[in-house]
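These notes concern the structure reproduced below.
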Ligand code: S5P
């Protein structure tokens, strides 16, 4: 029987061990699985590849891919066994040349079986599946060799990823116990541990389900929206087939304008931090306006107004930047309560100056940083203000789907395809994940574009994956 043989082999080679082990998380576990050692035992690897090939025999897919690095040797053998092409996934993005995350010969929409050695929470599977989706490949099955039975499989179910495992740790332990390789106590300790340690399914799964069901088309959102900013934005989105906001956080005005010029056809919003331009002058604004007119995008000044009404009024209309004269929309923090929004919206209704330059307001509901203070209670209060002032608030910057007023939009920063974070607290997700889990309507990408070797090519890429992620959300299927 294959389970028996496999259990004995793993036990004898010390790949499954029983005792007291401190895991990466700091938790003490009564067992430890070290599948990396497998590469030292080609015959076990080979027989495992045969078992996997048998399990995959009747399934339809185009490629095999191993989660780096642990599953690479095994996935190569399975690919050979089935004579199916392999895709090699990198752990980190290649620094030179193509900067690709995946190597192989494949085309968009190809189905891929993703293999990993052990599943615990399912997170590394999800991350690898996201890398496939970023290239518009379809992870049709996530197959693990051993399921630690700590909730990973349920987590993948909740993320709508078909998944299977070859062995369950409890079955392997039972076999070892029946054959007196481990004691009753060791077996019991393992069962107690896996029951106690089950990871809870990430809360975002609630959002996934609802976002898949209620993902609205841009056309519907355009019909629902009242504010001219959103009407225009949604029209541009449909026309350009782009949901990309480019965050041009570039200090030099010449470099800024050059970069914007090259990416402009691919974006619908240009997001600025006007106060980081070192050589700012009014000519810069004139150039910016010309580019906007020529390439048809909207300008969002990410000033994050966060003060009392009187101060935000002056910050918006006065000073050297005169934001009111050129920005189509501005970001506002609701930390001062509704005061800032009210001051800006009353200006819209009241002053003759404001009548020309009424801002579309995007409230910051939730930040992307690792230790943000924008907890759920805070977000709820921001959303309440957004709804109350829905005549001026056109959307929110957030990391999760919120119940907004009809026509209000979710804008999501912290988007990058290659890394999970920067060195200063920023956290990243892929466009696919944003659309699947965060209710995203517009993705905001900064360094992913302007720090790349070829910003224009990167903008094209983010435009494509963003658009595909939107389409996939409409179909309830995420492909990129
Ligand atoms: O929570 C937030 C809100 C914003 S507006 N996290 C963010 O990163 N942003 C902005 O998005 C941030 O100020 C920056 O301009 C951009 C993200 O840049 P990137 O280089 O990390 O993509």
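The values are calculated or read from the model by the stated rules, or taken from the named source; none is laboratory data. All values reported here derive from a predicted model rather than from experimental measurement. All Cβ positions, glycine included, derive from the backbone under ideal geometry; neighbour counts span all protein chains shown.
On the given criteria, is residue 396 within 12 Å of the ligand (Cβ to nearest atom), closer than 21 Å to residue 127 by Cα and crowded, with 24+ Cβ neighbours inside 10 Å?
Spelling it out, it is not the case that residue 396 is within 12 Å of the ligand (Cβ to nearest atom), closer than 21 Å to residue 127 by Cα and crowded, with 24+ Cβ neighbours inside 10 Å.
Somewhere in the range 441-450, is a residue farther than 20 Å from residue 240 by Cβ, assigned by TED's automatic domain parsing to the domain that holds residue 466 and more than 12 Å from the ligand (Cβ to nearest atom)? Lay out the reasoning, then the answer.
Residues of the range 441-450 farther than 20 Å from residue 240 by Cβ: 447.
In the following step, the residues that additionally are assigned by TED's automatic domain parsing to the domain that holds residue 466 were identified as 447.
Among the residues that remain, those that are also more than 12 Å from the ligand (Cβ to nearest atom) are: none.
No, the conditions are met nowhere in the range 441-450.
Taking the stated definitions as given, is residue 371 in contact with a helix residue (DSSP H, G or I) (Cβ under 8 Å, 6 or more places away or on another chain), assigned by TED's automatic domain parsing to the domain that holds residue 444 and more than 15 Å from residue 333 (Cα to Cα)? Please lay out each step first, then the result.
Working: in contact with a helix residue (DSSP H, G or I) (Cβ under 8 Å, 6 or more places away or on another chain): no; assigned by TED's automatic domain parsing to the domain that holds residue 444: yes; more than 15 Å from residue 333 (Cα to Cα): yes.
The answer is no for residue 371.
Tally up the residues in the range 265-276 that are crowded, with 19+ Cβ neighbours inside 10 Å and touching a helix residue (DSSP H, G or I) at 6+ places or on another chain (Cβ under 9 Å), please.
At the first step, the residues of the range 265-276 found to be crowded, with 19+ Cβ neighbours inside 10 Å are 266-272, 274.
Cutting the leftovers down to touching a helix residue (DSSP H, G or I) at 6+ places or on another chain (Cβ under 9 Å) gives us 266-270, 272, 274.
So the count comes out to 7.
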* Flag if residue 341 is away from the ligand (no atom under 16 Å from the Cβ), within 19 Å of residue 395 (Cβ to Cβ), assigned by TED's automatic domain parsing to the domain that holds residue 391 and surrounded by 17 or more Cβ atoms within 10 Å (Cβ to Cβ) -> yes
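For the range 137-174, how many residues meet the condition of being in a helix (DSSP H, G or I), within 24 Å of residue 188 (Cβ to Cβ) and either over 25 Å from the mean Cα position of the chain (by Cα) or without any contact (Cβ under 8 Å) to a residue 12 or more places away in the chain (or both)? Full working, then the answer.
Filtering the range 137-174 for residues in a helix (DSSP H, G or I) gives 152-158, 169-174.
Keeping just the survivors that are within 24 Å of residue 188 (Cβ to Cβ) gives 152-154, 169-174.
With the extra rule that they be either over 25 Å from the mean Cα position of the chain (by Cα) or without any contact (Cβ under 8 Å) to a residue 12 or more places away in the chain (or both), the set shrinks to 169-174.
So the answer is 6.
Among the residues of the range 414-430, write down those that are under 16 Å from residue 401 (Cα atoms) and within 12 Å of the ligand (Cβ to nearest atom).
Taking the range 414-430 as the starting set, the residues that turn out to be under 16 Å from residue 401 (Cα atoms) are 414-415, 429-430.
Of everything in the range 414-430, those that are under 16 Å from residue 401 (Cα atoms) and within 12 Å of the ligand (Cβ to nearest atom) turn out to be 414, 415, 429.
Which one is nearest to the ligand (Cβ to nearest atom) among residues in the range 219-258 that are part of a helix (DSSP H, G or I) and surrounded by 20 or more Cβ atoms within 10 Å (Cβ to Cβ)? Give the steps one after another, and end with the answer.
Going residue by residue through the range 219-258, those that are part of a helix (DSSP H, G or I) are 219-224, 228-240, 253-258.
So of that shortlist, the ones also surrounded by 20 or more Cβ atoms within 10 Å (Cβ to Cβ) come out as 221, 229-230, 233-234, 237, 256.
Numbers: 221: 20, 229: 16, 230: 17, 233: 16, 234: 20, 237: 19, 256: 13 Å.
Taking the candidates together, the pick is 256.
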* **Search result, residues across the range 160-183 that are surrounded by fewer than 16 Cβ atoms within 10 Å (Cβ to Cβ) and under 16 Å from residue 20 (Cα atoms)** => 183
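Go through the range 1-114 and tell me which strands (runs of 3 or more DSSP E), entirely inside it, have 2 or more residues that are in contact (Cβ under 8 Å) with a residue 60 or more places away in the chain and more than 29 Å from the chain's Cα centre (by Cα).
Values: elements: 16-22, 28-33, 63-66, 86-89.
Per the criteria, 16-22, 28-33.
Just a yes or no: is a residue in the range 370-393 within 19 Å of residue 451 (Cβ to Cβ) and within 15 Å of the ligand (Cβ to nearest atom)?
Within the range 370-393 (the criterion being within 19 Å of residue 451 (Cβ to Cβ) and within 15 Å of the ligand (Cβ to nearest atom)), the answer is no, since none of the residues qualifies.
Take the residues in the range 289-298 that are surrounded by fewer than 21 Cβ atoms within 10 Å (Cβ to Cβ) and in contact (Cβ under 8 Å) with a residue 12 or more places away in the chain; name whichever of them is nearest to the ligand (Cβ to nearest atom).
Of all residues in the range 289-298, those surrounded by fewer than 21 Cβ atoms within 10 Å (Cβ to Cβ) come to 289-296, 298.
Filter again for in contact (Cβ under 8 Å) with a residue 12 or more places away in the chain, leaving 289, 291-292, 294-296, 298.
Values: 289: 21, 291: 19, 292: 18, 294: 23, 295: 20, 296: 22, 298: 15 Å.
Checking each candidate, the answer is 298.
Is it true that residue 232 is over 21 Å from residue 416 (Cα atoms) and within 26 Å of the chain's Cα centre (by Cα)?
On the way: over 21 Å from residue 416 (Cα atoms): yes; within 26 Å of the chain's Cα centre (by Cα): no.
Spelling it out, it is not the case that residue 232 is over 21 Å from residue 416 (Cα atoms) and within 26 Å of the chain's Cα centre (by Cα).
Of these, 32, 41, 69, which one is surrounded by fewer than 15 Cβ atoms within 10 Å (Cβ to Cβ) and at negative phi?
On the way: 32 fails: surrounded by fewer than 15 Cβ atoms within 10 Å (Cβ to Cβ); 41 fails: surrounded by fewer than 15 Cβ atoms within 10 Å (Cβ to Cβ).
Result: 69 is the single residue among 32, 41, 69 that is surrounded by fewer than 15 Cβ atoms within 10 Å (Cβ to Cβ) and at negative phi.
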* To do: Take the residues in the range 399-413 that are closer than 24 Å to residue 336 by Cα and touching a residue at least 60 places away in the same chain (Cβ under 8 Å), then tell me which one is nearest to the ligand (Cβ to nearest atom).
  => 413
